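First comes the structure, then the notes that go with it.
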Amino acid sequence: MKKRNNPYHYAVVCCAMVISSGALRAQAPMKLPLNEAISMSLQNSGQMKIANEKVNEAHANYHEATNNRLPDIKVSGAYLRLNAPNLDLKIKTGNTTQEAGQSTNAAPKVEQAAYGLVNASLPLFSGLRIKNGITAAAQMEKAARFDAEKDREEIVRSTIVAYSNLFKAQRSVALVRENLVREEKRVTDFRNLEKNGLLPRNELLKAQLQQSNIELALLEAESNQKMASINLALALGLPEGTLIMPDSNGMDYPADAGTIDQWESLALENRKDRAALAARTNAATASLKATKGEYYPGIALTGGYIAADVPNLLTLTNALNVGIGLQYNIGSLWKTGAKADAVKARLHQLQASEGILADRVRLEINNAYQQYLLSIKKISVFAKSVEQATENYRITKNKYDNNLVTTTELLDADVAQLQATLNYTFSKTDAMVAYKNLQLTAGIMK
């Protein structure tokens with residue numbers, strides 16, 4: 001009996017094909033240049049979001065300090081219910097009664113009262129406390145912005161390292177796989193020779209051992225590649241399973257490193273941590289002036305309006321007042337000194353930190369400069385090593401074919417060639433990382 005086609009079967013097959021094709025597209029590697037990776041890491045970094053919020057907080061503090069120049073306006077009012085108070089008015093109310101031949105004033109009956117007050121005060125002079133407070137807040141906002149720039153540089157540095165690690169891991173996997181293919185071919189050739197009695201079995205075992213070692217190296221390289229891929233994906237805010245393909249075109253570096261004096265000058269001028277420390281020093285200076293301003297009185301332009309209504313007794317309207325107010329806290333004569341000393345000590349700490357930071361900047365820029373010079377020199381050395389290892393393997397292979405060297409020497413030459421190729425590939429990536437680090441250390445990388 002012929003089996004009938006089920007339409008639901010075709011529907012399931014079609015859905016499976018669509019899902020499978022979608023999964024294949026999802027697994028396609030994403031080619032990502034270095035500059036795009038840096039942009040993504042900055043956009044998705046939690047550390048950068050925290051730094052930006054700190055800037056917003058500092059800006060709000062500055063806005064709060066500027067608001068101190070604005071007038072203060074206070075409004076108050078109340079409605080009161082009263083019992084029957086005993087009122088003894090010393091003025092005549094116009095209501096009199098006769099008792100036993102005597103005239104007395106009749107007290108009004110008061111059961112409720114309402115009043116409203118509006119007071120305004122505009123500071124005219126505050127011992128420059130407001131002005132210096134605004135200056136201090138503005139400098140602290142600048143410091144917060146420089147701190148955010150410093151955090152940005154650290155995120156860029158970590159992204160570059162993660163990007164280069166993935167690139168090196170992928171190149172390592174590719175080179176080891178190529179070498180494994182060659183080793184597999186050698187083992188096959190050796191096995192055929194051994195079967196025909198043209199090769200001792202221990203020589204075949206040496207080749208098989210070499211193949212096993214390279215297979216282990218490949219497993220380790222693939223594991224390193226997977227971890228490097230996860231690390232970079234998380235840094236970019238992507239899912240862990242995202243396949244990223246670094247682009248070598250954006251990993252360039254100049255051959256001329258310049259002079260250390262040029263780099264020191266750039267670092268001392270552009271380092272964000274030095275700029276943040278200088279802003280905090282300026283803020284402390286302004287805070288010291290603001291604290292000393294407490295020795296002086298405060299003068300303000302004042303004004304107010306009063307309205308009240310006490311039924312049967314009093315109605316008050318249009319009670320306006322304008323004047324100059326003077327306020328002075330006599331306790332500031334013996335209290336302000338201690339506050340000023342504390343601020344002055346903090347200022348001296350910041351000033352001393354500037355010298356320490358300048359020395360640290362010089363040390364860091366020298367270290368980064370030397371690392372870059374070393375990486376450039378390594379490239380030329382490893383390039384020669386590749387040439388030497390390639391030529392050594394060619395000569396050793398010819399000697400082996402003519403039974404002039406052992407299998408061990410041939411395998412050693414093969415390993416040396418692979419290692420030289422890996423070192424040369426990694427050295428160019430390390431040079432790029434060293435140059436980017438030099439720029440970041442100098443504070444000039446955008």
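Scanning segment 317-333 for residues that are under 30 Å from P108 (Cα atoms), outside any helix (DSSP H, G or I) and either touching a residue at least 40 places away in the same chain (Cβ under 8 Å) or of a type in the set (S, T, Y) (or both) turns up at least one hit.
Regarding A207, is this residue part of a helix (DSSP H, G or I), of a type in the set (A, V, I, L, M, F, W, C), more than 30 Å from S45 (Cα to Cα) and touching a residue at least 12 places away in the same chain (Cβ under 8 Å)?
Numbers: part of a helix (DSSP H, G or I): yes; of a type in the set (A, V, I, L, M, F, W, C): yes; more than 30 Å from S45 (Cα to Cα): yes; touching a residue at least 12 places away in the same chain (Cβ under 8 Å): yes.
Yes: the conditions hold for A207.
Residues considered: T407, T429. Of these, the only one that is surrounded by 15 or more Cβ atoms within 10 Å (Cβ to Cβ), within 30 Å of E36 (Cβ to Cβ) and not small (G, A, S) is T429.
Only one of the listed residues (V181, V161, V118) is in a helix (DSSP H, G or I), β-branched (V, I, T) and in contact (Cβ under 8 Å) with a residue 12 or more places away in the chain. That residue is V161.
Determine if segment 300-307 includes at least one residue that is more than 30 Å from the chain's Cα centre (by Cα), β-branched (V, I, T) and exposed (fewer than 14 other Cβ atoms within 10 Å of the Cβ). No, segment 300-307 contains no residue that is more than 30 Å from the chain's Cα centre (by Cα), β-branched (V, I, T) and exposed (fewer than 14 other Cβ atoms within 10 Å of the Cβ). Scanning segment 37-82 for residues that are closer than 30 Å to P108 by Cβ and within 34 Å of the chain's Cα centre (by Cα) yields a count of 0. Quick check, is T390 surrounded by fewer than 16 Cβ atoms within 10 Å (Cβ to Cβ) and either on the phi > 0 side of the Ramachandran plot or free of Cβ contacts under 8 Å to residues at least 40 places away in the same chain (or both)? It is true that T390 is surrounded by fewer than 16 Cβ atoms within 10 Å (Cβ to Cβ) and either on the phi > 0 side of the Ramachandran plot or free of Cβ contacts under 8 Å to residues at least 40 places away in the same chain (or both).
Values quoted throughout were computed directly from the atomic coordinates according to the rules given, and no laboratory measurement underlies them. Worth saying up front: this structure is predicted, and the values here are computed from it rather than measured. FYI the Cβ positions are ideal-geometry reconstructions off the backbone, even for glycines, and counts take in every protein chain you see.
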